Amino acid sequence: MSSLADFQKLVPLLGKADLVGYRDRTGDPYCGLLCVDPVEVDNIGTSSGTTAEPMPLVELVSGAVPFASTVRDMWGAGLRPGDRVIHVMATQRGPQDRVNEAIGCVPLMVNVRPGADWSNVFEMIRRHQPSHIYLLGPMLPELDRLSEDVDLAEVFSCIKFAVVSGEPLGARMRRKLTQEWGLELYDVTGTADTGVAWECSAHDGYHVWEDYVLPECLDPITGLPVPDGEPGELVCTALANKAWPLIRHRSGDLVRFDRSPCSCGRTHLRFHLLGRISDRVRVGDTDVLPMQLWRVIEQFDETSAAVFQIVAPEGGSDVLRVRIGFNARRTDDVLELQERLRRAIEAESGLDPSLEMYEESELQARSSSGIKLPRVVRS
């Protein structure tokens, strides 16, 4: 191969099913991709396991700056030596606290899980004045409920910026984080398990560091490149992982590429996330995507956190089934709320939905992942 065109023509696409199939046939836990002696491996994490079983993520971190592209993003967001950063989660990729150490920041480690008491987190923030907090999507409904009793704008007043990862943010929750709680917010998403992509200060898409990841936007059916600005599947190749490089790995994410100049000054491409290809649900003759329902459900005060799941039978269905989580403290009449939601979803989708109502925490407890709430559940 002598060109990128040759690479794209000759190297096949790789999906999670290919990795799992090879592992199950051979018993190789590294799915045939390990390029070093197993004794050299010093970090094994996993993917989130939201839409399939968690996959291994193997990296060499000793003697090098780990996740160096993330160091760039955190520096660009304003972190500097001596800043304190607070961790309120167990990372799935391994020793990410070393990113903070590479900058010269001081990590504050607090154990918090869904449903846990956040008072110790708030007290640590007040005492140590961290500059950065990393939040997961499933934590936001819980913080939303706590905001009825706690002044989160006061608690977060020392934070330079917050990162939210794990799943997209609805417009209403984003406004709550930025306008009501006063957080400068950076959204983060994955690049087909080869790394992560961050928003920049312009908040206009996710930047890919192209010296660490080679991104492609392909037609999910033909595998051919699509023009910039057109929707396609994000496919990525790891350029810096010498131990376990994923090559032309399919993300399942529907994106569109943007190579126009960004006001932040970066010249590497950015992409806009449109949704997951596997999340498209066929109901009768109609395709439904979670983001369609997201816009509707977050309009109501009782369901503003948009905790919901579409239930999709394997054989298809003529009925749109949706599980919806509501904030019990804001809900006086569940049946009346259910009817309002039913009418609004019907107006948006053209389908008369069957709705199942749960308290938010109850629905979140059904999740197969602590990182994300799966928006489509196959039954």
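The values are calculated or read from the model by the stated rules, or taken from the named source; none is laboratory data. Quick caveat: nothing in here was measured; it's all calculated off a predicted structure. Positions of Cβ are backbone-derived with ideal geometry, glycine not excepted, and every protein chain shown enters the neighbour counts. Each accessible area value is taken on the protein alone, full model and side chains, heavy atoms only, with ligands, DNA and RNA left out. Shrake-Rupley method; radii C 1.70, N 1.55, O 1.52, S 1.80 Å.
The table below gives the values:
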{"quantity": "Selection count where residues are under 24 Å from the mean Cα position of the chain (by Cα), acidic (Asp, Glu) and part of a helix (DSSP H, G or I), scope the stretch 119-169", "calculated": "2"}
{"quantity": "The one condition in (1) hydrophobic (A, V, I, L, M, F, W, C); (2) out of contact with any strand residue (DSSP E or B) (no Cβ under 9 Å at 6 or more places or on another chain); (3) modelled with pLDDT of 90 or more that Ala102 fails to fulfil", "calculated": "(3)"}
{"quantity": "Residue under evaluation Tyr212, criteria (1) open to solvent by less than 50 Å² (accessible area, probe 1.4 Å); (2) closer than 24 Å to Leu13 by Cα; (3) of a type in the set (Ser, Thr, Tyr), criterion not met", "calculated": "(1)"}
{"quantity": "Residue pairs meeting the criteria (Cβ under 9 Å; at least 6 apart or on separate chains; first within 13 Å of Val88 (Cα to Cα), in the stretch 112-128; second at pLDDT below 75 and of a type outside the set (A, V, I, L, M))", "calculated": "Arg113/Gly370; Pro114/Ser367; Pro114/Gly370; Asn120/Asn111"}
{"quantity": "Condition check for Arg270: touching a strand residue (DSSP E or B) at 6+ places or on another chain (Cβ under 8 Å), open to solvent by 50 Å² or more (accessible area, probe 1.4 Å) and among the basic types (Lys, Arg)", "calculated": "no"}
{"quantity": "The stretch 36-50, residues that are modelled with pLDDT of 70 or more and surrounded by 14 or more Cβ atoms within 10 Å (Cβ to Cβ)", "calculated": "Val41, Asp42, Asn43, Ile44, Gly45, Thr46"}
{"quantity": "Among residues of the stretch 318-348, those that are under 28 Å from the mean Cα position of the chain (by Cα), small (Gly, Ala, Ser) and surrounded by fewer than 19 Cβ atoms within 10 Å (Cβ to Cβ), counted", "calculated": "2"}
{"quantity": "Of all residues in the stretch 298-317 being in contact (Cβ under 8 Å) with a residue 60 or more places away in the chain and under 16 Å from Gly170 (Cα atoms), the one that is surrounded by the most Cβ atoms within 10 Å (Cβ to Cβ)", "calculated": "Ala306"}
